[in-house]
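See structure below.
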Amino acid sequence: METIIGNDVEQAAKFLRYGALVAIPTETVYGLAGNALHEATVLNIFHVKERPVFDPLIVHVKGIDDIHRYAKSIPADAEVLMQKFWPGPLTILLQKQQLIPDLVTSGLNTVALRMPAHPLTLALLNELDFPLAAPSANPFGYISPTTAQHVYDQLQGKLPYILDGGPCSVGVESTILGFENDQPVVYRIGGLPVSEIEKLIGPVSVQPNASSNPRAPGMLKSHYAPSKPLYFEKEENLALMNLSGNGALICFENFKTDLPFRQFPLSRDGNSSEAARNLFATLRELDKSDFDFICAIPFPDHGLCKAINDRLVRASSRGE
Ligand code: TXA
Ligand code: MG
């Protein structure tokens, strides 16, 4: 199959209407999208991504009004959060309606819903009379794509169309929030800082390794991983490891160190949003480079750096 990269929303809609898969841009990462209400299409998403069917998919919707078709018993806090942060990098787990196939939710009685903040994908969703199931458009377990070219490099030949919306503006996946006995719980730290959520609805518990489906890999330890070894350690620990060979060091800003590795700062002026935007592209570049291994040191614990630290732990060789 030939894979075309383009920015023709109508063309993308046509493919989706007849059950094909299309990669879509979102503000977080690119998604591998298909009709969420059509079981055969959803099965094909799992197949193309080589993802186990016990790992449920996020359903992308065009607006808040739409969600009552897909979800029920919506807690008041969920309503407040959607009003404030949609469209945006927040996925909410709600009790599912029957219309959503069990395959999408891996048999769970909750469905993950999100309204993405990308003009092309919102235009696309408005062309369609069904929502889009979409995991990140990378082979299972690998680094998420933040450009159309990243998707092409890995999934070329497996889908007909990649809708090119430019580089993703946030760069890490959405924050996932659900409810347990009406209490909000964050299951994945992501593009919307937990502090922003708490400003609105008060304290939430953060349980990034737990979920209603404990086998959900985005929440498990080893994920988002490059093929090269990645050591995510404090500077002093890296020094003690006596790593031999040519190493690349991912860090927040340039800093003074005796470590014999070339530095790849994700932000020049200490901006956590800029660093998040650059994380996955940098990991990919280094994975393709001549470096023997990749190191990273913990980022300061603020803003989107929390999500960066989470991804680096899961991508690191220790997470296996
Ligand atoms: O930013 C994002 O969320 C991107 C873009 C494309 O929207 N999507 C994304 O999808 O990151 P994916 O499939 O790579 O990660 C979705 C995560 C998985 O870890 C999955 O286990 C979890 O969401 N998930 C989906 N439905 C769930 C449910 N009903 N209960 C618990 N976890 C769920
Ligand atoms: Mg993913």
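So if we plug the beta-carbon distance of Asn209 and Gln11 into 1/(1 + (r/R0)^6) with R0 = 51 Å, what FRET efficiency do we get, rounded to 0.05?
0.80
Remind me, relative contact order of the stretch 143-279 in percent, using alpha carbon pairs under 8 angstrom and six or more residues apart?
In percent, rounded to a whole number, it is 18.
What is the distance in Å between the Cα centres of the stretch 273-300 and the stretch 18-93?
Taking the Cα centre of each part, the stretch 273-300 and the stretch 18-93 sit 28 Å apart.
Which of His38, His223, His68 moves the most in a Gaussian network model of the chain with Cα springs under 10 Å?
His68
To the nearest 10 square angstrom, what accessible area does Thr147 show with a 1.4 Å probe?
Approximately 40 Å² for this residue.
Can you send over the solvent-accessible area of Asp153, 1.4 Å probe, protein chains only, in Å² to the nearest 10?
80
What do you get for the angle between helix 272-288 and the principal long axis of the chain? Use alpha-carbon atoms, 0 to 90 degrees, nearest ten.
70
Amide H neighbours of Thr110 under 5 Å, at least 5 residues apart or on other chains, H built in the peptide plane: list them.
Long-range HN contacts for Thr110: Lys96.
Stretch Asn254-Phe54 to full length: gain in nm at 0.36 nm per residue minus the Cα-Cα span?
Fully extending the segment from Asn254 to Phe54 adds 67.9 nm.
Comparing Asn246, Asn109, Asn44, which has the greatest mean-square fluctuation in the GNM of the chain with Cα pairs linked when under 10 Å apart?
Checking each option, the largest mean-square fluctuation is seen for Asn246.
How long are the semi-axes of the equivalent ellipsoid of the chain, defined as square roots of 5 times the Cα gyration tensor eigenvalues? Whole Å, largest first.
Computed over the chain, the values are 32, 23, 17 Å.
As a test question: what accessible area, to the nearest 10 Å², does Ile250 have when a 1.4 Å probe is rolled over all protein chains in place?
My reading of the accessible area for Ile250 is about 0 Å².
Helix 39-49: angle to the longest alpha-carbon principal axis of the chain, degrees 0 to 90, nearest 10?
On a 0 to 90 degree scale, this one is about 10.
Cβ under 10 Å from Met115's Cβ, Met115 left aside: what net charge do those residues give with Lys, Arg +1 and Asp, Glu -1?
It works out to a net charge of +1.
Counting pairs on different chains as well as pairs 8 or more places apart, how many Lys pairs in the chain have Cα atoms under 16 Å apart?
For the chain, qualifying lysine pairs total 8.
Could you rank Met241, Met82 by how accessible they are, 1.4 Å probe, largest area first?
These residues rank, largest area first, as Met241, Met82.
Measure off 7 Å from each Cα along the Cα-to-Cβ vector at Met241 and Asp65, then give the distance between these two points in nanometres to one decimal.
Going from the Met241 label point to the Asp65 one covers 5.3 nm.
Using alpha-carbon pairs under 8 Å, 6+ residues apart, how would you state the relative contact order of the chain in percent?
Over the chain, the number comes to 20 percent.
Report relative contact order for the stretch 85-205 in percent, whole number only (criteria: Cα-Cα under 8 Å, sequence separation at least 6).
25
Asp102 to Arg262: extension gain in nm, 0.36 nm per residue of separation minus the Cα-Cα distance?
Fully extending the segment from Asp102 to Arg262 adds 52.8 nm.
Which residue fluctuates most in the GNM of the chain (Cα springs below 10 Å): Gly157, Gly63, Gly165?
Highest fluctuation of the listed residues: Gly157.
Taking only Cα atoms, what is the 0 to 90° angle, nearest 10, from helix 76-85's long axis to the longest principal axis of the chain?
Result, in degrees: 70.
How high is the FRET efficiency between Glu79 and His38 when r is their beta carbon distance and R₀ equals 30 Å, given to the nearest 0.05?
The formula returns an efficiency of 0.60 here.
If amide H atoms are built 1.01 Å from N in the plane of the peptide, which residues on other chains or at least 5 residues away come under 5 Å of the amide H of Ala33?
Excluding prolines and chain starts, which carry no amide H, the hits are Val22, Ala23, Ile24.
The values are calculated or read from the model by the stated rules, or taken from the named source; none is laboratory data. Remember, it's a predicted structure, so these values are computed and weren't measured experimentally. Cβ: placed from backbone, ideal geometry, glycine included. Neighbour counts: every protein chain shown. Quick note on the areas: whole protein, heavy atoms, side chains included, nothing else; ligands and nucleic acids left out. Shrake-Rupley method; radii C 1.70, N 1.55, O 1.52, S 1.80 Å.
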